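J.: Starting off with a structure, shown below.
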Amino acid sequence: GVQAHLRISDTTIASDLIPLGKADMILSMEPVESLRYLSWLNKDGVLITAAEPFVNINNYPAAEQLDAEYAKLPRVVRIDVEKLAKDNGSPRSANVVLLGAAQKALGIEYQKLEDAVRRVFARKGEAVVEANVNALKVGLENAR
C-alpha cells in the first residue's frame, strides 16, 4: 500500500512526518490497508475507510475479523465509496467521496474543500468538475 503523511496546522510544522500514535485521522481507500497503519492513530483518532474490500491476497480477513478490529477503535467511519460514486453517476470519483466523508475530521470547512475540488478538476471541463463536487457532497452526507 501507499502511505502519505499530511499535517495541517496553524503553527509552524517542523516535520512532515507524523510520529507513531499522534495521527488524528487515518484515511484509507481499502479496509485492510486502513488497519495496517493503526499504530499511527492517537487514542482519540478517527479511522475513515472505504468499506468495500479489494481482495488481492489469499488470506484476506473475513468481514467478522475486520468488524472486530474496528470495534476496538473509538471512532470509525466506513463508507461504501465505490457504490456511492457509481449510484451518483460518477464511478471514477470514489476517492472524492472519501474526501467528503473526511471533511469534518479534517477540520477544513466544506466550501474550501469544494473550491479546491473545482480548481483541481477545472482543466477537465465543467461536467467532471460537477461530478466531483457532487461526489464530495455525497461523501459528506453519507459519513454522518
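J.: So, in the stretch 10-33, of the ones that are touching a helix residue (DSSP H, G or I) at 6+ places or on another chain (Cβ under 8 Å) and among the charged types (D, E, K, R), which residue ends up farthest from Gly139 (Cα to Cα)?
T.: Only one residue tops the list, namely Lys22.
J.: Being within 23 Å of Asn142 (Cβ to Cβ) and open to solvent by 50 Å² or more (accessible area, probe 1.4 Å) narrows it down to one of Arg75, Arg7, Arg36, so name that one.
T.: Details: Arg7 fails: within 23 Å of Asn142 (Cβ to Cβ); Arg36 fails: within 23 Å of Asn142 (Cβ to Cβ).
None of the other options fit; the residue is Arg75.
J.: What tally of residues in the stretch 95-115 results from selecting those that are touching a residue at least 60 places away in the same chain (Cβ under 8 Å) and over 9 Å from Gly139 (Cβ atoms)?
T.: Result for the stretch 95-115: 5.
J.: Also, I was wondering about something else. Of the conditions (1) in a helix (DSSP H, G or I); (2) modelled with pLDDT under 95; (3) touching a helix residue (DSSP H, G or I) at 6+ places or on another chain (Cβ under 9 Å), Ala105 clears all except one; give me its number.
T.: Of the numbered conditions (1) in a helix (DSSP H, G or I); (2) modelled with pLDDT under 95; (3) touching a helix residue (DSSP H, G or I) at 6+ places or on another chain (Cβ under 9 Å), the odd one out for Ala105 is (3).
J.: Name the residue, out of Lys112, Lys86, that is assigned to a helix (DSSP H, G or I), charged (D, E, K, R), over 22 Å from Ser9 (Cα atoms) and out of contact with any His (no Cβ under 8 Å at 6 or more places or on another chain). Give the steps one after another, and end with the answer.
T.: Values: Lys112 fails: over 22 Å from Ser9 (Cα atoms).
Every option except Lys86 fails the conditions.
J.: Those residues that are in a loop (DSSP other than H, G, I, E, B), open to solvent by less than 90 Å² (accessible area, probe 1.4 Å) and either free of Cβ contacts under 8 Å to residues at least 24 places away in the same chain or of a type in the set (Phe, Trp, Tyr) (or both), I need them from the stretch 12-33; list them, please.
T.: Those that are in a loop (DSSP other than H, G, I, E, B), open to solvent by less than 90 Å² (accessible area, probe 1.4 Å) and either free of Cβ contacts under 8 Å to residues at least 24 places away in the same chain or of a type in the set (Phe, Trp, Tyr) (or both): Ile13, Ser15, Ile18, Pro19, Gly21.
J.: For the stretch 108-144, enumerate the residues that are open to solvent by less than 50 Å² (accessible area, probe 1.4 Å) and modelled with pLDDT under 95.
T.: Matches in the stretch 108-144: Ile108, Ala143.
J.: Do you know which residues across the stretch 72-86 are of a type outside the set (Val, Ile, Thr) and touching a residue at least 24 places away in the same chain (Cβ under 8 Å)?
T.: Leu73, Pro74, Arg75, Arg78, Asp80, Glu82, Lys83, Leu84, Ala85
J.: Within the stretch 118-138, work out how many residues are touching a residue at least 24 places away in the same chain (Cβ under 8 Å) and out of contact with any Ser or Thr (no Cβ under 9 Å at 6 or more places or on another chain).
T.: Number satisfying all stated conditions: 1.
The values are calculated or read from the model by the stated rules, or taken from the named source; none is laboratory data. Here the structure is a predicted model, which means the values were calculated and not measured. Every residue, glycine as well, gets a Cβ built from its backbone with ideal geometry; the counts of neighbours run over all protein chains shown. The area values use the complete protein model at the heavy-atom level, side chains included, leaving out ligands, DNA and RNA. Shrake-Rupley method; radii C 1.70, N 1.55, O 1.52, S 1.80 Å.
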